[in-house]
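Please read the structure below before turning to the comments.
Only the coordinates and a few stated rules stand behind these numbers; no lab work does. Because the structure is predicted, anything quoted here is derived from the model rather than measured. Cβ sites come from the backbone with ideal geometry, for glycine too, and all protein chains shown count toward neighbours.
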Amino acid sequence: MLLQDYAQVIRSKNSGPFELTIDIIFKSLEDYLFFKEKQLLDIDKVATLYQMKKEDIINFEYFEAARGIKITIPRPWSQGSIGESDMHGSQQYANLLTVEVPVN
């Protein structure tokens, strides 16, 4: 199974000219708690997926009221700069789509 099988929403968005925010909202409270208790997604995993040091991750937070995880990372390039290819940050969630989840 993959993370996207448990999530109702996986999205990324602009969070200012220097940051991106990624939201993962789970289909149910049970799925959310499963991920949180087993630490199936954590700062180390995000750092690996986005090829950055974990110290560079600005925010990684489980948020039960929304059944979700909010992650804020630095943009690879500042918004609108030369080399920047996703002005709105809306395509940066893709790395999370292939996160495998152990069935047991």
Divide the volume of the convex hull of the Cα atoms of the chain by its number of residues and quote the answer in cubic angstrom per residue. 93 Å³
Between segment 45-104 and segment 15-39, the alpha-carbon center distance in angstrom: 10 Å
How tilted is helix 29-38 with respect to the longest principal axis of the chain? Cα atoms for both, answer in degrees (0 to 90, nearest 10). 80 degrees
For Lys38, list the aspartates and glutamates whose Cα falls under 17 Å from its own Cα; do not include residues on the same chain fewer than 8 positions away. Asp5, Glu30, Glu61, Glu64, Glu100
When Lys and Arg each count +1 and Asp and Glu each count -1, what net charge do the other residues less than 12 Å away from Asn14, Cβ to Cβ, add up to? 0
